[in-house]
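As structure tokens, the structure follows; a few thoughts come after it.
Any read-out appearing in this document is the output of simple, stated calculations on the displayed coordinates, not a laboratory observation. Computed from a predicted model, the values in this text were never measured in an experiment. Cβ atoms come from the backbone with ideal geometry, glycine included; neighbour counts cover every protein chain shown.
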Amino acid sequence: MELSEKRCIPCEGNIPPLKEEECAPLLEKIDNEWDLISVHHLEREWLFENFITALDFTNKLGVICEEEGHHADFEIGWGRVKVKIYTHKIDGLAESDFILASKFDKI
């Protein structure tokens, strides 16, 4: 099953964050534009022709976040959207972060 077909599972904070060796196979299942930052979070930036296009894209990602009950951090500016994904309750990465990234990849 593809990651994008899975559902994000709410984290109650009682699991350890993924280690680098656990992230490696999950990274292979998402777009190679995602960066793994300090084995703590995923980051990716998209570029657009103008602000309104970037805002529309951000809103589409926001809908996915609401559907999944898992929320990314967004930084938006003229012609760009930067996304940071991690599980706040464990201050690190869980499989759900990679699931969310894979759903973003479909937009």
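Under 5 Å between amide hydrogens, built in the peptide plane, is the criterion, and for GLY79 it picks out ASN50, PHE51, ALA54 among residues at least 5 positions away or on other chains. A simple charge model with +1 on the Cβ of Lys and Arg, -1 on the Cβ of Asp and Glu and nothing else charged puts the dipole of the chain at about 180 debye relative to its Cα centre. Residues whose amide H lies under 5 Å from that of THR87, counting only those 5 or more places away or on a different chain, are GLY92, LEU93, ALA94; hydrogens are built 1.01 Å from N in the peptide plane. Ordering ILE52, HIS70, LEU27 by Cα displacement along the dipole of the chain toward the positive end leaves ILE52 in first place; charges were set at the Cβ atoms of Lys, Arg (+1) and Asp, Glu (-1). When HIS88, HIS70 are sorted by how many other C-beta atoms sit within 10 angstrom of their C-beta, beginning with the fewest, the order is HIS88, HIS70.
I need VAL39, VAL83 ordered by Cβ neighbour count within 10 Å, fewest first. Please report the intermediate quantities before stating the final value.
Values: VAL39 14, VAL83 23.
Fewest-to-most Cβ neighbours within 10 Å comes out as VAL39, VAL83.
Computed from backbone phi with θ = phi - 60° and the Karplus coefficients 6.51, -1.76 and 1.60, the 3J(HN,Hα) list for segment 35-45 is 10, 8, 9, 6, 6, 10, 8, 9, 9, 8, 10 Hz; x is used for glycine and proline.
For the chain, what does the helix formula give at 222 nm: sum of -39500 (n - 2.57) over DSSP H segments with n ≥ 4, over the residue count, nearest 500 deg cm²/dmol? Write down the numbers at each step before the final one.
Working: 3 runs with 37 residues, N = 107.
Taken over the chain, the calculation gives -11000 deg cm²/dmol.
Using a simple spin-label model with pseudo-atoms 7 Å out from Cα toward Cβ, ASP73 and GLU49 lie 3.2 nm apart.
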